[in-house]
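Just so it is clear, none of the values below were taken in a lab; they were calculated from the coordinates. Because the structure is predicted, anything quoted here is derived from the model rather than measured. Neighbour counts run over all protein chains shown; Cβ positions are idealised from the backbone, glycine included.
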Amino acid sequence: MSIKDLEKIFLDKIEKEIKIEPKDWMPEQYRKTLIRQISQHAHSEVVGMLPEGNWITRAPTLKRKAILLAKVQDEAGHGLYLYSATETLGVSREQTINDLHSGKAKYSSIFNYPTLTWADIGAIGWLVDGAAILNQVMLCRTSYGPYARAMVRICKEESFHQRQGFEILLTLSRGTDVQKAMCQDAVNRWWWPSLMMFGPHDSESTHSEQSTQWKIKRMSNDELRQKFVDMIAEQAKILNVTLPDPELKWNPERNHYDFGEINWEEFWNVVKGNGPCNKQRLDARRKAWQEGEWVRQAAAVHAEKRKARETQQVA
Amino acid sequence: MSNNRQILSDYVLHLADNALILGQRNSEWCGHGPVLEQDIAITNISLDLIGQARSLYQYAAQLIGNGATEDRLAYLRDAREFRNCLLVELPRGDWAVTTLRQFFFSAYQMLLFQQMLHSSDTTLAAIAEKSLKEVTYHVRWSSEWVIRLGDGTEESHNRMENALADLWAFTGELFVPSDYEKSVADNGIGVDVSSLKDNWLQKVQDVFNEATLTIPTTTWFQSGGKEGIHTEHLGYLLADLQFLQRAYPGMEW
């Protein structure tokens with residue numbers, strides 16, 4: 001079959017909403033785009049463990065500690081599903097992780113911001129996971145089968161994460177003045193970076209058009225961002241917090257909230273590695289990996305020894 | 001509080017503190033494990049231990065009354081009032097220290113809870129029953145790691161030996177009963193920990209045989225934790241654990 005025929009079959013499947021599976025023929029660029037996107041997503045889960053992990057030992061009650069541990073553990077699990085999905089495209093987990101450590105692969109910039117108070121754990125759940133869910137709900141219908149299926153599992157857990165974040169903030173917002181201030185401060189610091197999670201404007205987004213055509217992406221950055229603002233602006237009322245944007249206002253003609261412009265200079269700066277925690281996050285991941293080297297090696301050597309002994313016994 | 005009740009609550013706090021402090025230590029690994037699967041596993045164990053601690057603190061709070069809650073007990077007592085064994089408060093160290101300590105502790109906990117199933121105190125018996133399922137897994141997981149690292153590479157073997165040198169002196173305390181342990185054991189509520197030692201040593205010996213490790217011959221063991229005389233490490237652990245409740249007293253979180 002010629003490449004043209006293969007391409008036609010591929011595009012027909014996309015057209016008819018039939019999932020592309022690992023063994024199907026796919027354009028090289030489709031594969032590359034997916035590897036980039038899924039591995040970036042996997043890294044985001046794993047790096048995302050760090051800012052929240054920062055408060056595990058200091059969680060204010062045993063119940064909160066247990067919930068936070070379970071949540072961060074879920075993220076490790078999401079990382080695993082996603083690394084597996086990347087492997088179906090022919091890249092090993094080790095290779096993917098090396099790309100993170102060398103700085104070649106990116107992860108969500110949001111995790112380059114520090115968690116300074118307990119309220120940040122609430123804000124991350126509410127805003128960061130809230131933004132992530134919108135993206136992930138869309139990805140449940142993405143055209144690549146293993147990615148879509150991983151997303152379905154992930155989405156179930158993410159909605160629990162967002163609720164627990166909201167609940168942390170709700171408790172603070174009903175607490176003492178100090179707690180209310182802590183809550184507002186965290187929202188002030190996390191609001192804009194959360195909006196940045198949806199990426200550049202559609203007009204500036206380099207990968208968007210082709211991804212939309214291949215139905216990897218099914219909503220644009222700006223559409224998702226608008227959806228997020230509309231959702232959060234309503235929930236903020238329940239929390240009695242203000243979102244730090246003087247231009248945020250309901251627009252009855254558009255039937256959406258209007259909102260101000262993102263500080264794109266900050267956005268690109270953090271993407272390029274100049275965020276407050278870029279270096280620490282990557283260093284922490286590298287350190288864990290390097291310090292785990294002897295452990296992984298010992299496990300491999302022991303498994304071989306064991307196998308050799310078993311073969312000997314059989315013989 | 002009657003004397004018996006006081007002794008029982010001391011005992012329950014001792015059990016709870018053991019679980020909490022080790023759970024807290026293990027939770028430091030979350031996000032920093034040697035490989036993702038093991039990051040998940042150690043976090044799981046941490047979660048199990050914190051779950052056990054919560055059940056036990058809730059029971060202790062009930063016995064103590066007077067407005068005690070699980071969080072007050074965990075967050076508002078100072079180091080001298082904690083009754084955990086020294087073993088669980090030692091720093092997490094490397095993966096060898098973490099897994100070997102877990103093995104020592106879980107093997108002890110398994111024997112303890114097997115006996116506690118027969119406790120005349122139905123709450124403790126129920127907690128033991130629930131915890132046993134978890135602890136059985138902890139023993140399996142940790143003994144597999146002790147074997148893997150002991151019988152792995154030269155480096156992993158050396159690290160295991162170093163871990164053993166660091167930890168061994170803290171294992172004796174598990175089996176030397178404090179006064180409150182003696183009292184509850186006499187009442188058929190608690191477990192006589194001195195009776196667990198032979199079986200524990202046997203289990204360690206079995207695993208060490210496979211791991212190509214040797215039980216040290218030292219006979220001097222550190223103690224004091226059960227009476228609130230701790231290592232210098234506990235204060236820092238509690239400073240972290242209790243920070244928010246201390247800095248912002250009396251608030252709901």
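Considering each residue of region A:113-128 in turn, none proves to be in contact (Cβ under 8 Å) with a residue 40 or more places away in the chain, farther than 30 Å from A:LEU172 by Cβ and either surrounded by fewer than 20 Cβ atoms within 10 Å (Cβ to Cβ) or aromatic (Phe, Trp, Tyr) (or both). Count of region B:67-123 residues, restricted to those that are surrounded by fewer than 24 Cβ atoms within 10 Å (Cβ to Cβ), of a type in the set (Gly, Ala, Ser), within 15 Å of B:HIS14 (Cβ to Cβ) and within 17 Å of the chain's Cα centre (by Cα), is 1. Residue count for region B:238-249 under the criterion of being within 10 Å of chain A (Cβ to nearest Cβ) and part of a loop (DSSP other than H, G, I, E, B): the result is 1. Can B:GLU70 be described as within 13 Å of chain A (Cβ to nearest Cβ), touching a Lys or Arg at 6+ places or on another chain (Cβ under 7 Å), on the phi < 0 side of the Ramachandran plot and not hydrophobic (A, V, I, L, M, F, W, C)? For B:GLU70, the condition - within 13 Å of chain A (Cβ to nearest Cβ), touching a Lys or Arg at 6+ places or on another chain (Cβ under 7 Å), on the phi < 0 side of the Ramachandran plot and not hydrophobic (A, V, I, L, M, F, W, C) - is met.
Only residues that are farther than 15 Å from A:ALA131 by Cα, within 14 Å of chain B (Cβ to nearest Cβ) and touching a helix residue (DSSP H, G or I) at 6+ places or on another chain (Cβ under 7 Å) were counted across region A:153-180, and they come to 7. Does B:GLU252 fit the bill of being among the charged types (D, E, K, R), assigned to a loop (DSSP other than H, G, I, E, B) and farther than 26 Å from B:ARG140 by Cβ? Yes; evaluated as a whole, the condition is true for this residue. Listed residues A:ALA299, A:ALA303, A:ALA308; which is of a type in the set (A, V, I, L, M) and surrounded by 15 or more Cβ atoms within 10 Å (Cβ to Cβ)? Matching residue, one of A:ALA299, A:ALA303, A:ALA308: A:ALA299.
Here B:TYR180 meets the list (1) surrounded by 14 or more Cβ atoms within 10 Å (Cβ to Cβ); (2) under 19 Å from B:LEU20 (Cα atoms) almost entirely, failing just condition (2). I want to confirm something. Restricting to region A:196-240 and keeping residues that are assigned to a loop (DSSP other than H, G, I, E, B) and of a type in the set (A, V, I, L, M, F, W, C), which single residue is nearest to the chain's Cα centre (by Cα)? Per the stated criteria, the residue is A:MET197.
Can you find even one residue in region B:10-31 that is away from every other protein chain (no Cβ under 14 Å), in a helix (DSSP H, G or I) and without any contact (Cβ under 8 Å) to a residue 24 or more places away in the chain? Within region B:10-31, none of the residues are away from every other protein chain (no Cβ under 14 Å), in a helix (DSSP H, G or I) and without any contact (Cβ under 8 Å) to a residue 24 or more places away in the chain. Only a single item in (1) exposed (fewer than 14 other Cβ atoms within 10 Å of the Cβ); (2) over 28 Å from A:LEU169 (Cβ atoms); (3) among the aliphatic types (A, V, I, L, M) is not met by A:ILE216, and it is number (1).
Name the helices (runs of 4 or more DSSP H) wholly within region A:68-176 that hold at least 3 residues that are closer than 21 Å to A:LYS237 by Cα? Let's see the steps before the verdict.
Numbers: elements: A:93-101, A:118-123, A:129-139, A:145-173.
Output list reads A:118-123, A:129-139, A:145-173.
Here A:ALA70 clears all of (1) within 14 Å of chain B (Cβ to nearest Cβ); (2) free of Cβ contacts under 8 Å to residues at least 24 places away in the same chain; (3) out of contact with any Leu (no Cβ under 8 Å at 6 or more places or on another chain) except the condition numbered (3).
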